[in-house]
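We did not get these values from a lab; they are worked out from the coordinates using the rules stated. Given the structure is predicted, the values throughout are model-derived calculations rather than measurements. For neighbour counting, all protein chains shown are included, and Cβ atoms are generated from backbone atoms with ideal geometry for every residue, glycine included.
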Amino acid sequence: MIRQIEKNGVKYYYIGNRAICCMLKIAYGKAQLLHLGAPLSEDDCEALCCETVLGWEPGVLYREGDTRSCLDELPLAWSERGTGDYRETPVGLLYEGTEICPDFVWSSAGEVNAEEYDAVLPHARGAQETVKLVFTSSNRLLEGLTLELRFSLFETALVRQAVLINRSDKPLKVTKLMSACADLQGSFMVSTFDGGWIREAHIHTVPVTRSRVVNGSAGGFSSNRHNPGFLLSRPGVSDDAGEVYGFNLLWSGNHYSSVQRSSVGFTRVLQGISPDGLCLDLLPGGRIEMPEAVAAWSGHGYNGLMENMHRFVNESVIPEAWRYQERPVLYNNWEGCMFKFNEGKLLSLAKKAKKIGCELFVLDDGWFGERDNDQAGLGDYSVNRRKLPNGLEGLSKKIHDLGMQFGLWFEPEAVNPDSDCFRQHPDWVLSSPGTGPFYARNELLLDLTKPEVRDYIVESVSAILDKADIQYVKWDMNRNSPVSGNKAYEYILGLYDVLHRIFDSRPRILLESCASGGNRFDLGMLCFSPQIWASDDTDPVERLDIQNGLYYLYPQSTIGAHVSAAPHGVTLRATPMSTRSNVAFFGDFGVEFDLDSMKPVDEVELKETIAYYKQHRKTFQFGCFSRNGAEEGALCWQVSDGKETICGLFHKLISAGPEIEWLRVNGLDPDRTWHVEARSQLLRVGVYGSLLRFVTPVPLDTEGTIIRLADRHYQMRDGGFSAECSGAALQSGIPLGKRFTGTGYDASLRVQGDFQSNVFCIVPKT
Ligand code: DGJ
């Protein structure tokens, strides 16, 4: 509900529902932020008004003689330098080369019409209500300059946005314009999701203090170094209890957010695009709309926040055609082939992929131009006939004849200097004046701010999509940008234009965004692509951290997660197939290794595994995600659709003489009886190593032919587990079966070496 309230001559705005609430007071023409967070009643507005603490010396008074007008000490929803607020400012304007204070004051409020939204920027859809608060500049030189602060209320989140409209007659430069500004009361911890290539989204948490914490990116992406999403939580918050805020941005380029506690105890939170090097023209008649900033809140710890964030993304960000639509199990040939393949090899892989249950075959990099390695071909769209003599159409037809969908990889934003595209259009390349070219992975970026470059990409990609009967596109991007500031900002607008033009008219194509893995895992891309390749690191142990970080902000359905080879290509860690699968279950499941070298036992196991995933796919992809009380050293992910609940219990390193392990399940009806069943898993004979010598009639060499042969063709069933009990017992925890501790084998024993895991399905007892 959005309401304007007048009390004792003061204007308030109440924007709230059952999940989040924001209350504003208009005082001195400024928007004071009385509250953002827990749902409160509009009747609370007067009680939430606070007074300045000191008000003077050296505080600057916004109204001469009125010590309550010291803006520096008040919680604000927007601010400008030059009005007495010395905290970090959300806006920077230059007029004739000098910083100028617009001193915006409230003028009106109204709804936001659909036509008022920028057509290129991605937007969240399906708001319950929106309001724009309109402020005009009271600076005598800037009469007519207007700031709109938009507030859109969604079922589980609040979206804010700033729009600057120059109705003055002065040409201005914008050096900074945040999407949103908020001053929140009390102590916080801030959590950011950081990393790099193959180690994305690791959570880091520090206290919010008087020193500023900045979470930003500079490489032209939203980046794997610092995801644009972050959390503010009260000290002591847990998975189930305590207050936590989540913030995010619908933007895929350089971003900036900061948190800092003020001298009177407000934490200023800014969210927006990076102001680094920014100097945008705002000419008379011009307007600049900043990306949408999201805020969600929970009083029930991280689990509550994840539920709110996930619902917001699934219902308001993901393209409508894919909302709650099950994603196919895909096979991708990249890790299995890299650039080395031909049609015969691909068809052999596709047949095996089909046999184990994959539904979509994705041909990754290397199908075009002279692309036999990463040094040539990018920018060209002619099919490599040496590898694919029947073209993409021929391959696609054969894949379809096998009963699978066909998907294709593109990296449209880049060129290799060794490409026809670059040879014909060397001037299309993005560069910073007077320097470079600077290469990354032998690539240069195309300048997406140029209309002719965008046309080339749109026409080239569209022509292939229309010709080759393609159901899925992987849109990759593999290098940091050579530019910053305006150019980097306009590049992303160019990218959005291209994505609109290619995919708006082809809503049934499933787009998976990728940027060297998760270098562009953000809400901007999710407005076009329902899922994102989370990381080139598919080692399940690494994925436990990566996916665990992403879940704070993004639902399982957005996370591409594949089973790949072991030992793993980047960590050289050997992990069981069961754990590789169990981790990939909690995302959009895929397979990505050379199936021609798949052992017969792996084939059997993967077939079973994929059948299990399909049976529970809706719950894995769209069920309500939470984490629950796993003991130290373990991690438990839970998904539930209300009817069935699935828990994944994961271990990293096992310790000898382990404690009894407990399964705890959140949120079941406590009075009902539930049936718990562990997914049946297979176990290689070889895991027992030299212990086998004590059970075989003759001592066998554990590295020898017999054991190796046994491992190829035969696997044991790992100890199963089933139980029936009340939801109350499951909430409190039930003991799991005995774990292998070096002695005494029986069929019910659970073999829990390093990197082992189990998945349990819990349904009502019939
Ligand atoms: C980087 C991606 O993350 C990989 O999955 C793969 O598509 C390669 N690019 C191909 O060059």
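The table for this structure:
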item	result
Where only C-alpha atoms are counted, convex hull volume of segment 557-666 per residue in Å³	126 Å³
Net charge, L177 excluded, C-beta distance under 15 Å - Lys, Arg +1, Asp, Glu -1	-4
Under-5 Å amide H pairs with A31, H placed in peptide plane, nonlocal only	A77, W78
Globularity index of segment 282-389, i.e. its alpha-carbon radius of gyration over 2.2 N^0.38 Å	1.68
Convex hull of Cα atoms in segment 406-533, direction-averaged projection (nm²)	7.7 nm²
Listed peptides 137-149, 404-416, 737-749 by packing density, highest first (mean Cβ within 10 Å)	404-416, 137-149, 737-749
All Cα pairs of segment 179-229, percent lying beyond 15 Å	54 percent
Cα-based Rg and Dmax for segment 681-751, where Dmax is the largest Cα-Cα distance (Å)	16.1, 51
Listed residues P228, T702, A162: farthest to the positive end of the dipole of the chain (Cβ charges)	T702
Percent RCO, i.e. relative contact order, over segment 82-166, from Cα pairs under 8 Å lying at least 6 residues apart	24 percent
Mean Cβ neighbour count within 10 Å, used as a protection proxy, ranking 13-20, 583-590 highest first	583-590, 13-20
Aspartates and glutamates with Cα under 17 Å of K765, excluding same-chain neighbours fewer than 8 positions away	D641, E644, D669, D671, E677, E724
Extreme residue, positive dipole direction of segment 271-420, given options N308, P328, M290 (C-beta unit charges)	P328
Lysines whose Cα lies under 30 Å from that of K7, excluding same-chain neighbours fewer than 8 positions away	K25, K30, K132
Alpha carbon convex hull of segment 380-481, volume per residue in cubic angstrom	110 Å³
Lys, Arg +1 and Asp, Glu -1 on Cβ, resulting dipole of segment 530-616 about Cα centre, debye, nearest 20	240 debye
At most 16 other Cβ within 10 Å, DSSP loop - GluC sites (Glu not before Pro), segment 554-627	none
Computed magnitude of the charge dipole of the chain (debye, nearest 20; Cβ of K, R +1, Cβ of D, E -1)	1260 debye
Nearest-0.05 FRET efficiency for Q375 and R234, computed from C-beta distance (R0 60 Å)	0.70
Cut-off 9 Å between beta-carbons: net charge of the residues surrounding C761, Lys and Arg +1, Asp and Glu -1	-1
Segment D711-D43, length gained on full extension (0.36 nm per residue, minus Cα span)	233.5 nm
Computed over segment 1-160, the ratio Rg/Rh where both radii use C-alpha atoms and Rh is Kirkwood	0.97
Computed [θ] at 222 nm, deg cm²/dmol, the chain (DSSP H ≥ 4; -39,500 (n - 2.57); rounded to nearest 500)	-5500 deg cm²/dmol
Given charges at Cβ of Lys, Arg, Asp, Glu: the chain dipole, positive-most of N390, A463, V213	N390
Separation of the S431 and D169 label points, Cα + 7 Å toward Cβ, nm	4.3 nm
Hydrodynamic radius (Kirkwood) for segment 124-261, which is based on Cα pairs only, to one decimal in Å	17.3 Å
Total formal charge among the other residues, if their Cβ is under 12 angstrom from that of H226, Lys/Arg +1 and Asp/Glu -1	-2
Loop chymotrypsin sites (Phe, Trp or Tyr not before Pro), segment 424-502 (other Cβ atoms within 10 Å of the site Cβ: 13 or fewer; DSSP)	F438, Y439
In nm, spacing of pseudo-spin labels at A321 and A656 (7 Å Cα→C-beta vector)	5.9 nm
Distance histogram in 5 Å bins (all Cα pairs of segment 588-633, percent per bin)	5, 16, 19, 17, 15, 16, 10, 3, 0
Compactness index (Cα Rg / 2.2 N^0.38 Å), the chain	1.02
Global form of segment 467-552, assessed from the alpha-carbon gyration tensor, a/c cut-off 1.5	oblate
Normalised contact order of the chain, rounded percent, pairs of Cα under 8 Å and 6 or more residues apart	10 percent
In nm, spacing of pseudo-spin labels at M338 and E6 (7 Å Cα→C-beta vector)	7.3 nm
Set of lysines near K351 by C-alpha distance (under 16 Å), chain-local residues within fewer than 8 positions excluded	K397, K398, K599, K607
Radius, Kirkwood style, for segment 720-766 when every pair of distinct Cα atoms is counted (Å)	12.7 Å
Cβ charges +1 (Lys, Arg) and -1 (Asp, Glu), total dipole of segment 179-253, debye	300 debye
Bins of 10 Å from zero: percent of alpha-carbon pairs in segment 48-115	18, 40, 29, 11, 2
Nearest-0.05 FRET efficiency for L94 and R501, computed from C-beta distance (R0 35 Å)	0.55
Equivalent ellipsoid dimensions for segment 330-384 as semi-axes, Å, which come from the Cα gyration tensor, largest first	23, 10, 9
Reference-scaled alpha-carbon Rg (2.2 N^0.38 Å with N residues) for segment 96-135	1.63
Spherically averaged projected area of segment 482-602 from its Cα convex hull (nm²)	9.4 nm²
5 Å binning of all Cα-Cα separations within segment 38-84, expressed as whole percents from 0 upward	5, 20, 25, 20, 13, 9, 6, 1
